[in-house]
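Report on the structure given below.
The values are calculated or read from the model by the stated rules, or taken from the named source; none is laboratory data. This one's a predicted model, so the numbers in the text were calculated from it and none came from an experiment. FYI the Cβ positions are ideal-geometry reconstructions off the backbone, even for glycines, and counts take in every protein chain you see. Remember, those area values only see protein heavy atoms, side chains included, never the ligands or the DNA or RNA. Shrake-Rupley method; radii C 1.70, N 1.55, O 1.52, S 1.80 Å.
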Amino acid sequence: TRFQQARDAVRQNDVQEVLSSVLLYQVDNNGSHLTAISSMTAGEVHMIVDGAMDEGCDDNNANCDTNVAGATPDTACVDLSGLVDSYLEDVPISPAGSVTWDDGSADGEEGTGYTLERETNGVVRIRACESEDTTEISASR
């Protein structure tokens, strides 16, 4: 439907915005990632949050195109609040689809509905957890 397409368009926009912010931070910091990203194990997929949420990160895997995954998926959250103000106005929150997403600022919340993966070759991939009118929404560089 048109509503699904509109929500997916917002998700695509948000994915690009987060990826650009992550990479601008890296450029401005002599190639170094935000500590929250550099401390991730390469190849693991983490739920993006804006604050203190550090458990329940995989609670909505049943609703995600790509699962939050890692050695301990329940705690696989990545806090991007360090990008707010200088690189992002706010960490974006995915439009409600199957899940009503939130900022993930406290334990027991859902998370933003976006994931981040730092691949072994250094490529950063941002994904929307759910897509409604396409197979997957993602961007990487």
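Brief remarks on what is shown
- Tabulated pairs, the range 11-38, first within 16 Å of SER140 (Cα to Cα), second of a type in the set (Lys, Arg) and surrounded by fewer than 14 Cβ atoms within 10 Å (Cβ to Cβ), C-beta under 7 angstrom, 6+ apart or interchain: LEU19/ARG141; LEU23/ARG141
- Residues in the range 19-27 include at least one that is at pLDDT 95 or above and open to solvent by 60 Å² or more (accessible area, probe 1.4 Å).
- Qualifying position, being in a loop (DSSP other than H, G, I, E, B), among the polar types (S, T, N, Q) and without any contact (Cβ under 8 Å) to a residue 40 or more places away in the chain, among SER131, SER98, SER94: SER98
- If you filter the range 81-131 down to residues that are within 15 Å of LEU19 (Cα to Cα), among the small types (Gly, Ala, Ser) and out of contact with any strand residue (DSSP E or B) (no Cβ under 7 Å at 6 or more places or on another chain), you find that the one that is most open to solvent (accessible area, probe 1.4 Å) is SER86.
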